[in-house]
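Here is the structure we will look at, set down as structure tokens.
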Amino acid sequence: MRDWSPQRIARAAGARIVGAPAAEAGPDAVAIDSREVRAGDLFVGLPGERADGGAFAAQALAAGAWGVLVAPERADAARSAASPPAGAQPGVVLATESPLAGLHGLGRAWRRELDCPVIAITGSTGKTSTKDILAALLAPARRTAANRANLNTEIGLPLAILEAPRGTEVLVLELAMRGAGQIAELTAIAEPDVGVIVNVGPVHLEILGSVEAIAAAKAELLAGLAGGSTAVIPVGEPLLAPHLRADLDVVTFGEGGDVAPAGGDAGRVRIVARGETIELEPSFAQAHNRLNLLAAVAAALAVGVTPRGRVEVAFSALRGEHVALAEDVLVINDCYNANPMSMRAALDDLAAQADGRRVAVLGDMLELGPGAARFHAEVGREATAAGVDLLVTVGELAAAMLGEFDGERHAVADAGEAAALLPELLEPGDTVLIKASRGMGLEAVTEALAASAGTPG
């Protein structure tokens, strides 16, 4: 937005300029943490549960911010209290009743300025991996930008859009959801041309109450697509059927879908996409990511890219990362999040990858509502079916897995206890899956194992 005037920034944010701006050009970037503001940034002071970011507007201006976007009651105070660095012009002060709505407006305006196809991805599980795969498919053919880290919420999504550089040719955006209405809000910011729903499953049941309500919340993406847009959905998903529209190009993926697997071997995948055969060499072999690959191929085709050949994917952190330890012990660090669907997929992957003993360290799956005990017990049965030899549960909910598991079992209260116990249990050649909901912090187990066992020398 460097070439945007302060007046244009104000219009996009639904704000008014307080006083006469000294700047003629726009900001270099947008920041929401005053401690991270760099010279030339626009600081957006968002109200939070513990503090109002607008209270730090003067601090941001003193650090050399291009300007601040704050609530009206913060604007005059920021302007009068701030002292810009020596030789710098005073920052621009923008006042708006809702700084968050202003941030949304800026994101939407920049999305329109980019004037490129936008692909939005949501789903109960696998949306981040699908985003990573799709970005890798598109990169050889188009200048592609995608959310980094977890910039996929009502705050993170507009920041992700604003980070996309001018000249971006495809924008890939992951949309996160915690409750009804949130996907609709994000879709209104992103204005996608292609909407991808990776799957629908029992996630956030504590909030939404039923899988049907989850499907309706995910389908807000479909409702927000303009007529003529492309919707990519799993083949034969009855929960999404009521939400499909005749004016969308609906592309299904999966066995028997419009984009379907057509054989291959360990290193090569053949896909048939509406009659066209595509051959790819993905850098991953997990069955669940092969399914995510089909969704990504469908989305790539929708924006005119036909992927071919080698596909090197750098998956986001804590999502199936392989950590090799001494004595041929392999840790599959998949603890970014967990739900019944992703637990099942991870156990299948453990079964496929392990040459020696199969060890699973599984923690609580959160936000499952009244059925939480049943869902955890089912994971215990699935661990038995996957041939897990040793199961360590972490947390009160996960302990319900033990009653349905047939192998060696241990229960601990938290990640610290798991980290202390595992070195006593592991044997050379073990493959260890570590997975739980994010709130359980099981990445600490991987870190402790790496520190105590060392890496291959």
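Bear in mind that the values in this text are calculations on the coordinates, not laboratory data. Because the structure is a prediction, the values reported are computed rather than measured. Every residue, glycine among them, receives a Cβ derived from its backbone with ideal geometry; neighbour counts consider all protein chains shown.
Some observations on this one:
- Debye log10 I(q)/I(0) for region 127-265, one point scatterer per Cα, at q = 0.09, 0.16, 0.17, 0.18 Å⁻¹: -0.28, -0.89, -1.01, -1.12
- Taking the helices alone, the chain has a mean residue ellipticity at 222 nm of -10000 deg cm²/dmol, built from -39,500 (n - 2.57) per DSSP H run of at least 4 residues and averaged over all its residues.
- Gap separating the Cα centres of region 293-310 and region 204-244, nearest whole Å: 22 Å
- Euclidean distance between Cα centres, region 399-438 to region 101-161, Å: 36 Å
- The aspartates and glutamates whose alpha-carbon is closer than 12 Å to the alpha-carbon of Lys127, local same-chain residues fewer than 8 away aside, are Glu174.
- Mean separation of Cα contacts under 8 Å, 6 or more apart, over the residue count of the chain: relative contact order %: 11 percent
- Reference-scaled alpha-carbon Rg (2.2 N^0.38 Å with N residues) for region 6-97: 0.93
- Working note: Cα atoms of region 186-277, range along each principal axis, descending, whole Å: 42, 31, 22.
- Sequence of Asp355, Asp265 once ranked by neighbouring C-beta atoms within 10 Å, starting from the fewest: Asp265, Asp355
- The alpha-carbon atoms of region 37-191, seen along their principal axes, cover 49, 36, 22 angstrom, with the largest extent given first.
- Relative contact order [Cα under 8 Å, 6+ residues apart], region 335-396, whole percent: 46 percent
- For region 321-453, radius of gyration divided by Kirkwood radius, i.e. Rg to Rh on alpha-carbons: 0.92
- Rg(Cα)/(2.2 N^0.38 Å) for the chain, N = residue count: 1.07
- Reciprocal of mean inverse Cα separation for region 115-195 (Kirkwood radius, Å): 12.5 Å
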